[in-house]
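Any read-out appearing in this document is the output of simple, stated calculations on the displayed coordinates, not a laboratory observation. In this text, all values refer to a predicted model and were calculated from it rather than measured experimentally. Neighbour counts are summed over all protein chains in view; Cβ atoms, including those assigned to glycine, are modelled from backbone coordinates with ideal geometry.
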Amino acid sequence: MSSVFGKPRAGSGPQSAPLEVNLAILGRRGAGKSALTVKFLTKRFISEYDPNLEDTYSSEETVDHQPVHLRVMDTADLDTPRNCERYLNWAHAFLVVYSVDSRQSFEGSSSYLELLALHAKETQRSFPALLLGNKLDMAPYRQVTKAEGVALAGRFGCLFFEVSACLDFEHVQHVFHEAVREARRELEKSPLTRPLFISEDRALPHQAPLTARHGLASCTFNTLSTVSLKEMPTVAQAKLVTVKSSRAQSKRKAPTLTLLKGFKIF
Ligand SMILES: Nc1nc2c(ncn2[C@@H]2O[C@H](COP(=O)(O)OP(=O)(O)OP(=O)(O)O)[C@@H](O)[C@H]2O)c(=O)[nH]1
């Protein structure tokens, strides 16, 4: 194992297993979470998704010459944070997405950042979050200025980017890799144990209902005291999902893309 100034560097040796990073994509409906996730995983922009589906994808990445096993949870929270334990207790880092042409989605992203800040306070750990203003190609119809995005990110101490799921892949990839870097820095500071999946009807020990006290009423934290921690479900439980092709693709007679959700895409 190589070392930096005598300190072992996690996962850097040729024999070491890839670093495992779980990344949750949060944001209001329509912000472009699925489009960004699929762009990152396939380099393609697909314009229509089933908004009610939530799944976790897996991808082998190389970030700064280091292998990373990255899992990406494309959440489907409807309009506000809901049953947040499933990602709060699973992710090492978060991408909070809004759309630059929607003030509502920007306000939604602020609720997510607040939720993450509260979670960090309660658990006394820090969770890297990146704020993304998506749909940069819609800049002529902006409802949110770049300065507002910068200011919101500054309030919560997170990185900020404006991107577009339908423009260049490299920019989208850069953002996901930045999230990995942030997660890696945090993991090197305080290595976490294996990610845990918290069953929906149970809460973490001593986890008081964040939302009741902080006004995020729709994020339904349960208050049962019995702890029930499970490992993440295996990919074998994943379901097959068909993603409809966009109108533009249909015109080009491109085939409908079928994604096996929960499995590696390539
Ligand atoms: N112009 C443009 N449209 C985008 C972009 N990203 C997503 N869209 C469109 O915005 C709509 C919503 O995108 P989704 O990726 O489904 O958004 P989401 O946040 O996953 O929303 P839910 O699935 O409802 O949770 C779709 O019609 C996409 O084609 C983008 O960067 N530019």
_Global form of segment 19-189, assessed from the alpha-carbon gyration tensor, a/c cut-off 1.5_ = rounded
*For each of 145, 56, 37, count neighbouring Cβ atoms within 10 Å of the residue's Cβ, then give the residues from fewest to most.*
145, 56, 37
*Name the residues whose placed amide hydrogens come within less than 5 Å of the amide hydrogen of residue 20, ignoring near sequence neighbours (fewer than 5 apart) on the same chain.*
69
*asked:* Within 9 Å, Cβ to Cβ, of residue 166, how many net charges do the neighbouring residues add up to if Lys/Arg are +1 and Asp/Glu are -1?
replied: +1
*What FRET efficiency would be calculated for the residue pair residue 16, residue 53, taking the C-beta separation as r and a Förster radius of 41 Å, to the nearest 0.05?*
0.75
_Cα-projected label distance for residue 151 with residue 44, points at 7 Å along beta-carbon direction, nm_ = 4.1 nm
_Between residue 170 and residue 78, what's the calculated FRET efficiency when r is the beta-carbon distance and R0 is 35 Å? Round to 0.05._
0.65
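Please find the FRET efficiency linking residue 143 to residue 120, where r is the Cβ-Cβ separation and R0 is fixed at 41 Å, and quote it to the nearest 0.05. Working shown, then result.
Details: r = 29 Å, r/R0 = 0.70.
Rounded to the nearest 0.05, the efficiency is 0.90.
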